[in-house]
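Colleague: Could you have a look at this structure, given as structure tokens, before my questions?
The values are calculated or read from the model by the stated rules, or taken from the named source; none is laboratory data. None of these values were measured; they are calculated from a predicted model. All Cβ positions, glycine included, derive from the backbone under ideal geometry; neighbour counts span all protein chains shown.
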Amino acid sequence: MNNKIVITNDGSHSIFNPEINETYHSKHGAIVEAEYVFIKNGLLAENKKKFNILEVGFGTGLNALLTLQKSQQKEIDINYHGIELYPVLEKSYSQLNFTELIGEEKSKLLQLHECKWEEEQVLNNFFKLTKNKISLENYTTKTKFDIIYFDAFSPEKQPKLWTAEIFKNMYNLLNKDGFLVTYCAKGIVKRTMKAVGFEIIVLDGPPGKRQMTRANKTTSQK
Ligand SMILES: C[S@@+](CC[C@H](N)C(=O)[O-])C[C@H]1O[C@@H](n2cnc3c(N)ncnc32)[C@H](O)[C@@H]1O
């Protein structure tokens with residue numbers, strides 16, 4: 001892999017994957033996008049103090065880092081599961097500037113990357129992390145989630161991760177009031193999610209994007 005670190009418009013880093021010609025985050029700002037899509041419209045959209053969260057595409061660890069920070073600030077109990085088929089290498093994650101921009105110790109990001117895979121790790125009083133090195137297509141678990149952060153590469157670049165089969169699995173992995181959030185608001189994606197039972201809510205997008213999607217597991221359907 002010839003991944004390169006790039007700087008996005010809010011000054012935060014992202015990774016560019018030349019094989020699929022796509023960055024891990026919006027060029028308009030990696031932190032701004034993650035805060036908006038996954039923290040504001042994900043974690044903080046529900047006034048609860050305990051969440052099981054699944055992240056699809058753990059990548060740089062940015063979403064996990066921001067969630068960890070919020071969990072400590074707001075005393076929210078988080079059981080975080082992240083799946084990733086191609087873990088970011090030390091030579092890349094060690095350079096990422098996220099912690100300095102959000103006022104956290106560098107060690108917090110390093111710990112997210114360096115803790116063991118395939119086993120639950122207790123990182124502090126509020127945050128437990130389980131990382132699984134597996135393809136989303138093969139992922140199964142007994143855990144049910146309150147929120148899914150669906151942060152795969154775009155449907156243009158990885159269409160096999162945006163199919164009805166995948167979204168049916170996501171639906172089944174959610175608790176009855178659970179929901180999925182994603183930066184993507186393409187019509188075909190929303191229609192596919194709707195077809196497997198999700199209720200689709202279109203929200204304003206982060207800077208540079210018109211819309212994003214929240215998909216609710218509706219209690220009327222099984
Ligand atoms: C858009 S990037 C986002 C990563 C991450 N959320 C972040 O903030 O850095 C998508 C991620 O999905 C991972 N990925 C690609 N194919 C996958 C697959 N089949 N199963 C699981 N993860 C995959 C990529 O390696 C990449 O880390």
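Colleague: Say whether the condition of being part of a helix (DSSP H, G or I), without any contact (Cβ under 8 Å) to a residue 24 or more places away in the chain, within 14 Å of the ligand (Cβ to nearest atom) and of a type outside the set (Asp, Glu) is met by at least one residue in the range 106-126.
Modeller: no
Colleague: Among the residues in the range 31-45, are any within 12 Å of the ligand (Cβ to nearest atom), under 24 Å from Leu136 (Cβ atoms), assigned to a helix (DSSP H, G or I) and acidic (Asp, Glu)?
Modeller: Checking the range 31-45: at least one residue is within 12 Å of the ligand (Cβ to nearest atom), under 24 Å from Leu136 (Cβ atoms), assigned to a helix (DSSP H, G or I) and acidic (Asp, Glu).
Colleague: Quick check on the range 186-203. Is at least one of its residues in a loop (DSSP other than H, G, I, E, B), within 13 Å of the ligand (Cβ to nearest atom) and at pLDDT 95 or above? First the steps, then the outcome.
Modeller: Taking the range 186-203 as the starting set, the residues that turn out to be in a loop (DSSP other than H, G, I, E, B) are 186, 196-197.
Remaining after also requiring within 13 Å of the ligand (Cβ to nearest atom): none.
No.
Colleague: Just give me the residues in the range 91-105 being more than 28 Å from Met170 (Cβ to Cβ) and either more than 15 Å from the ligand (Cβ to nearest atom) or under 16 Å from the mean Cα position of the chain (by Cα) (or both), in sequence order.
Modeller: Hits for the range 91-105 are Lys91, Glu100, Gly103, Glu104, Glu105.
Colleague: Those residues that are away from the ligand (no atom under 14 Å from the Cβ), in a strand (DSSP E or B) and hydroxyl-bearing (Ser, Thr, Tyr), I need them from the range 127-182; list them, please.
Modeller: Thr130
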